[in-house]
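Below: one structure, written as structure tokens.
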Amino acid sequence: MSDYLTPKERERYLRERSPQAESLIKSLQNCDRRHFLKITGKFAALAAAASVIQPHTFQLVNVANAQPAPVPGLAPDVNFRFAYISDSHLFARGMTHRFAKALLKAVDDVNALDPQPDFILYGGDLAQLGRADELALGQQILKGLRAPVKMMVGEHDWYLDMGAKWREMFGQDVYAFDHKGVHFVVLNSVVEKDFWTAKGYTPEQRMNIVAGLDDGRQSRFEVGEEQRDWLAKDLAKVDKKTPVIVFSHSPLYKYYENWNFWTADADEVQALLFPFETVTVLHGHTHQLLTNRIKNISFHGMLSTAWPWPYAPTGLPEYTVQMFRADPFNQFDGLGNGTADVLKAGGVDKSYRLWDRNPRTVKYADLAADKLTGPRGKAGPSY
């Protein structure tokens with residue numbers, strides 16, 4: 001269609017539609033918002049120029065089956081994307097320490113994503129020993145991220161001063177928010193029963209005990225009764241068809257107790273989530289590719305930027321496609337960050353962006369249909 005028509009030609013064009021015009025009109029069926037506005041704007045301009053309608057009038061239009069426009073750069077079935085960085089375990093040794101360099105690398109990776117994620121989850125254990133200078137270093141590095149950051153606490157951030165400095169710097173450790181039709185919940189899943197007071201441990205001793213992977217003096221992680229009550233009240237306000245995504249530092253199931261890859265009251269938390277149609281849990285702490293599904297709940301681990309843990313000797317969820325043991329002479333092997341594509345249908349496609357290996361994406365459709373091949377399955381790939 002020419003943009004250089006006389007008024008008479010424009011009027012005739014509007015009254016006697018060409019096959020091209022008919023095709024454009026038919027294309028409005030099942031169109032998205034962007035296409036609808038493009039086509040109707042073109043016809044409105046022609047009509048106004050031909051004085052068929054006045055430029056300042058508008059007419060109500062009934063659009064059948066109009067769908068939200070796809071997000072540029074994302075698959076058509078994706079509602080939005082968020083990214084994650086987790087488990088950096090920073091020491092207060094400046095930007096030249098390898099853990100700080102790794103976190104800087106993760107920030108650069110996420111900033112290079114196109115399109116940018118709607119937000120970034122930091123998955124806990126920003127510090128190694130909960131010190132104010134460790135947390136401050138992490139805060140300084142995370143300020144370099146382009147997208148907004150949602151913070152979650154880990155045990156390494158908490159047990160020096162019971163989270164006082166972390167809360168001062170980052171806000172509440174337990175909260176909820178809504179984003180584009182999805183309800184998000186952030187939990188503090190690293191609550192421990194008091195093992196230190198009766199023993200007379202100092203804050204530093206308490207922190208060092210909790211920082212040990214298999215120190216039997218500490219308690220098992222839990223969400224705790226107070227948070228479970230809060231969660232029940234929060235979820236009571238949410239429609240059961242609304243997708244729910246939960247962030248917890250420890251896995252919200254029972255993987256391996258001796259390493260505290262475990263949440264003691266996971267069954268009780270899961271019971272609060274079972275009534276919802278689609279639930280996804282993302283957790284840190286385990287530093288590895290990890291996938292599980294229990295009824296309607298999908299679980300995904302997050303990679304660390306500091307070091308990878310080996311898989312536990314027992315308890316590995318059968319849905320997990322394992323990655324090979326990391327090369328001890330390669331400081332970035334088995335590490336990385338990742339993204340989560342939240343689907344319009346409510347599920348999540350979870351991507352592991354490993355720095356020195358091929359990326360790995362766990363598709364919601366495969367997990368829900370029980371198509372993943374894990375350690376008990378048939379010769380699934382490893383990463």
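The values are calculated or read from the model by the stated rules, or taken from the named source; none is laboratory data. This is a predicted model, so every value here is computed, not measured. Glycine also receives a Cβ, built like all others from the backbone with ideal geometry; neighbour counts cover every protein chain displayed. To get the accessible areas, we keep the full protein, side chains included, count just its heavy atoms, and leave off ligands, DNA and RNA. Shrake-Rupley method; radii C 1.70, N 1.55, O 1.52, S 1.80 Å.
As a fraction of the 1.4 Å probe accessible area of region 84-195, surface on carbon and sulfur atoms comes out at 49 percent. Per residue, region 168-235 exposes 50 Å² of solvent-accessible protein surface, assessed with a 1.4 angstrom probe and all protein chains in place.
Summing charges over all other residues whose Cβ lies under 9 Å from the Cβ of GLU155, with Lys and Arg as +1 and Asp and Glu as -1, gives -3. Each peptide in 280-287, 247-254, 192-199, 103-110 gets a packing score, the mean of other Cβ atoms within 10 Å over its residues, and the list from highest to lowest is 280-287, 247-254, 103-110, 192-199. The modelled label-to-label distance for the pair ASN358/LYS240, using points 7 Å beyond Cα in the direction of Cβ, is 4.2 nm. Here region 84-98 and region 192-244 have alpha carbon centers that stand 24 Å from each other.
Just to check, using Stokes-Einstein with a Kirkwood Rh over alpha carbon pairs, what's the diffusion coefficient of region 73-118 at 10 °C and 1.306 mPa s in µm²/s? All intermediate terms of the calculation are to be shown ahead of the outcome.
Details: Rh = 12.3 Å.
This corresponds to a translational diffusion coefficient of 129 µm²/s.
Sorted largest first by accessible area at a 1.4 angstrom probe radius, with every protein chain in place, the residues TRP259, TRP166 fall in the order TRP259, TRP166.
Net charge in the neighbourhood of LEU90 (other residues with Cβ under 11 Å of its Cβ; Lys, Arg +1, Asp, Glu -1) is -1.
The label-point distance for ARG98 and MET162, in a model that sets each label 7 Å from Cα toward Cβ, rounds to 3.7 nm. For ASP87, the residues whose modelled amide H falls within less than 5 Å of its own, excluding neighbours fewer than 5 places apart on the same chain, are GLY123, GLY124.
With +1 on the Cβ of every Lys and Arg and -1 on the Cβ of every Asp and Glu, and nothing else charged, how large is the dipole of region 241-333 about its Cα centre, in debye rounded to the nearest 20?
On the way: 5 positive and 8 negative charges, 37 e Å.
Here the size comes out at about 180 debye.
Placing dummy labels 7 Å off each Cα toward the beta-carbon, the span from ALA365 to ASP178 is 3.0 nm. In this view, the solvent-accessible surface of TYR255, computed with a 1.4 Å probe and all protein chains in place, comes to about 10 Å². Grab the other residues whose beta carbon is less than 12 angstrom from that of LEU104, score K and R as +1, D and E as -1, and report the net. Surrounding charge for LEU104 is +2. For VAL185, the solvent-accessible surface with a 1.4 Å probe is about 0 Å², rounded to the nearest 10. Counting every pair of alpha carbons in region 300-343, the share spaced more than 11 Å apart comes to 73 percent.
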